[in-house]
Structure formats: structure tokens, C-alpha cells
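Q: Can you read through this structure? Questions will come right after.
The values are calculated or read from the model by the stated rules, or taken from the named source; none is laboratory data. Since the model is a prediction, treat every value here as computed from it, not as a measurement. Cβ sites come from the backbone with ideal geometry, for glycine too, and all protein chains shown count toward neighbours.
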Amino acid sequence: MLLNCDQPLPLLSHTDVPPRVKENFILTGYRFPNYSLSDCLLSAFRPTNETGNFWTHFLPVFIFLYYFVEVFGLEGAPHSDSPFFYPLWNYFIGVFCLLMASSMAHLLNSMSLVVREVCFFVDYGTISAYTVGSSLAYYYYIHPRAGIVKLAGQNASRMDLKDEPAGAPTSSYAIPDLSMFFETFYIPSACVVAIICVLSCCNTRQKWRQHRYIIRTFVFLLPFLVSSTPVFYRLLSSSPYDTTSSSFAASTATPTFFYRHCLWLLVSAVFNISKLPERLAPGRFDIWGHSHQWFHCCTFLSILDELFMIKAEVRAILLSSTLLLPPAALSRLPGPTIASTYGVMLLLQTTIVSIIMWFSWRASYIYGPQIEQLAKEQPKKHLKCH
């Protein structure tokens, strides 16, 4: 057992840590893989190769919260606990859990090899939960119908009303065949894809390790494509708002925010796969400036632009005098309910936790016996007080 005598535990080079702990092109700054909880927490304030990884996702929690609460001050916004905001709160839960789980995974992963595995299993699980939280927000705020009744007679020149009875809500679908997907399969598809992603990413920690970064990057491309379907639809079809309305003006920012969201995701993927800049100068970016820190920064910027896009659509809904907030009896899509938002997330989280528990059990079976052996093989200098 290590005796730190109130002194910081020594940082090690890549030759002194187990292969499971090594990162490509990172040569120094490794924490000893038997830190106590207090040692891990204190390491957030000393330069290690995980310090930047922690802060680049911990500080964004507060930045995200600052911009998130602005939604409730929008003109015409109902109370924050209104069903209208259920999807938004689920989106917040997804983002908050993602940022906190990622920062804590990087901070606490030096407690043991098994804890390290569990930390990143949880990290992958929260990424998948975030994608479903985004899907719920897209479904209710950006979806062509968005669970909102479009009153007959509005924008009739752009809509086919021949099959609609008088006084019925008109359809804004430009591609009618997609209505079945949106109304029946969109959310279930997002959940299924999220579960597949958790299974795949967790498996890269026990198999396929040589190509793990490429696999993890492309595995999360699928949920992005599925969850973004309502946005793609909106970009390719006409706006549901009258072009002279303030709602239309508010929603015009959506394409810009979405394109920036995609750009930041693309840049983050490049950093994650290429391992730049440390690939060009191994050892020079061990503490600050290595690819994973840039990956964190870019993914947060993508989340921030996504939040701005959702806020723009929420504001457009609230400003519209021709739309009724859900739930509404005449709407093809029901408004958000506890079951359709929190219930979906709870079911998904329960499934993800089960997957994490399974892989964690396998990790303890694989790496548990190595912990005692690892402790015995450490140089004696780590047992001395300085």
C-alpha cells in the first residue's frame, strides 16, 4: 500500500504504468493507478495528463447552466415545471450527466484498473443518454408537427388541404411518407441506437482495442444521424411559420446553429482519431494541449450550439399566435407527458445501467486479479516518504 505521508504521489512515465493506462503519444504525467479517492480529487489541482481532461468538461457544466436557464425567461414561457418544458429538462439531464460523468471519469480513473473501466463505461452510457435527451427535444420542438396544432387557414397556400376537414389541423409534411417514422419509430429508434452504441463502446475496452478510437467515433455517428432527422427535415422543407411572423424570424437562426453544431462535431472527431497535436511531438503535450482536451472543447461547443438551436425553436413556438402549445386534442402528435419524456429516459437509463453492470463484472473478473500483483511490482521508491 502506498504511503504518501501527506505528499503528492509521484507522477510516472508511460514505461511505469500498466498497458491499460497508457495513452498514445502521452509519455509523462501519469498518475499511479492506486490513488485513493482523496488523492484523485486533489489531483484536479495539480498538473497531470488528466487535469485538462477534467476541467474541460467540468467548467462547461456551469456555462451550459447559465445559457440553459435563459429559456425560462423567454416571452410567453410557461412555468418551468410545465409539461411544455418536460423535453427540455430531459435534454438538460442528458447534457448534465454527460459532462459530469466525463469529468469524473477522468478524475477518478486512477483508483484501480477496475474503477478505470467502470468510469469509462459510465461515460459511454451518459453519451448515449444525452443523444436520446436531444432526440426528445428535437421531437417536441423541431419536429415538423412538434406536438402542436396548426390552425386551419394558416399558410394554406403552402399546404395541401384537400384531405383535411374544415377546422382540422393542417399538415405541414412535405414528405408524407416520413410521418409514420416520426410519429411511431423516431424515439424508439433513438433509444435502440443508443443502446447499441453503449454495447459497442464498452466492448472496445475489452476487444478491438487497436482501433478503439475510430470505432467509438463512428459508432456515435449513427445516433447523430438518427436523432438529427427532424432537423434535416426542417432544413429540407418549408417553415411551419408564416414568413411575416416573429416566429419565423426567431427560427431563421436554426440552420446556422445546426451547421456549427455539425462543424464542431466533425472537428472533435478529427482530434479524437488523429491524436493531434501529440502525434507530431510525443511528450510535448502530455499535460496541456493534447487531443483529448481539444476533443472535449469541441464537443462542448457543439452542445452549446445545439442548445442555442433548441432555444431558437422554443422561442419561435412561444411567439406564434397561430400555434397552440401541447397537449392539444386535435394534434396528431400528443404533447409531452411524464411517460413520454421522463419515462423514456428512465427506461433507457435502466437498460444502460444493466449493460454497465455486466461489463463492470467482466472487468472485475479480467483485471481484478491483476491489482494485487500490480501493487507488489511497484518500485520501492513509491513506498517512501519524501
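Q: Could you tell me which of the residues ILE371, ILE303, ILE352, ILE310 is in a helix (DSSP H, G or I) and at pLDDT below 95?
A: ILE371 is the lone residue from the list that is in a helix (DSSP H, G or I) and at pLDDT below 95.
Q: Here is a follow-up. Could you grab the pairs with beta carbons closer than 8 Å, sequence gap of 6+ or different chains, first residue in region 254-272 and within 21 Å of ASN53 (Cβ to Cβ), second one in a helix (DSSP H, G or I) and among the charged types (D, E, K, R)?
A: Partner pairs satisfying both residue conditions: TRP264/ASP305; ASN272/ARG216.
Q: On to the next question. Yes or no: ALA174 under 26 Å from GLU306 (Cα atoms), modelled with pLDDT under 95, under 23 Å from the mean Cα position of the chain (by Cα) and outside any helix (DSSP H, G or I)?
A: no
Q: Ok, one more. Quick one: is LEU324 modelled with pLDDT of 95 or more and surrounded by fewer than 21 Cβ atoms within 10 Å (Cβ to Cβ)?
A: no
Q: Here's something else I'd like to know. Among the residues that make up region 109-117, is at least one of them within 27 Å of HIS296 (Cβ to Cβ), modelled with pLDDT of 95 or more, among the polar types (S, T, N, Q) and surrounded by 23 or more Cβ atoms within 10 Å (Cβ to Cβ)?
A: So far as region 109-117 goes, no, none of its residues is within 27 Å of HIS296 (Cβ to Cβ), modelled with pLDDT of 95 or more, among the polar types (S, T, N, Q) and surrounded by 23 or more Cβ atoms within 10 Å (Cβ to Cβ).
Q: Right, next: Across region 281-309, which residue is surrounded by the fewest Cβ atoms within 10 Å (Cβ to Cβ) among those that are closer than 17 Å to ASN53 by Cβ, aromatic (Phe, Trp, Tyr) and under 21 Å from the mean Cα position of the chain (by Cα)?
A: Top of the filtered list is TRP294.
Q: Still on this structure, please answer the following. So in region 286-299, with the set limited to residues that are touching a residue at least 40 places away in the same chain (Cβ under 8 Å) and in contact with a helix residue (DSSP H, G or I) (Cβ under 9 Å, 6 or more places away or on another chain), which one is nearest to ARG260 (Cα to Cα)?
A: CYS297
Q: Answer yes if at least one residue in region 49-67 is hydroxyl-bearing (Ser, Thr, Tyr) and in contact with a Cys (Cβ under 9 Å, 6 or more places away or on another chain), and no otherwise.
A: Scanning region 49-67, I find at least one residue that is hydroxyl-bearing (Ser, Thr, Tyr) and in contact with a Cys (Cβ under 9 Å, 6 or more places away or on another chain), so the answer is yes.
Q: Quick check, is PHE64 under 21 Å from CYS297 (Cα atoms), surrounded by 20 or more Cβ atoms within 10 Å (Cβ to Cβ) and of a type in the set (Phe, Trp, Tyr)?
A: Judged against the criteria, PHE64 is not a match.
Q: Right, something else. Considering every residue within region 215-225, establish whether at least one is modelled with pLDDT of 90 or more and within 25 Å of ASN24 (Cβ to Cβ).
A: yes
Q: Evaluate the following for GLY153: is it in a helix (DSSP H, G or I) and either crowded, with 22+ Cβ neighbours inside 10 Å or modelled with pLDDT under 60 (or both)?
A: No.
Q: Right, here's the next one. Filter region 204-236 down to residues that are under 19 Å from VAL122 (Cα atoms) and surrounded by 16 or more Cβ atoms within 10 Å (Cβ to Cβ), then give me how many there are.
A: Adding up the residues that qualify gives 9.
Q: Say whether the condition of being in contact with a Gly (Cβ under 8 Å, 6 or more places away or on another chain) and surrounded by 18 or more Cβ atoms within 10 Å (Cβ to Cβ) is met by at least one residue in region 5-21.
A: Yes, region 5-21 has at least one match.
Q: Also, quick follow-up: Here are some residues: LEU74, LEU27. Which one is within 30 Å of PHE92 (Cβ to Cβ) and modelled with pLDDT of 90 or more?
A: LEU74
Q: Cβ-Cβ under 7 Å, sequence separation 6+ or interchain: first residue in region 230-251 and farther than 12 Å from ILE142 by Cα, partner in a loop (DSSP other than H, G, I, E, B) and of a type in the set (Asp, Glu). Which pairs?
A: Within 7 Å, the pairs are PHE248/ASP242.
Q: Now for a different question. Are there any helices (runs of 4 or more DSSP H) wholly within region 180-229 with 3 or more residues that are within 13 Å of the chain's Cα centre (by Cα), closer than 23 Å to GLU306 by Cα and hydrophobic (A, V, I, L, M, F, W, C), and if so which?
A: 186-203
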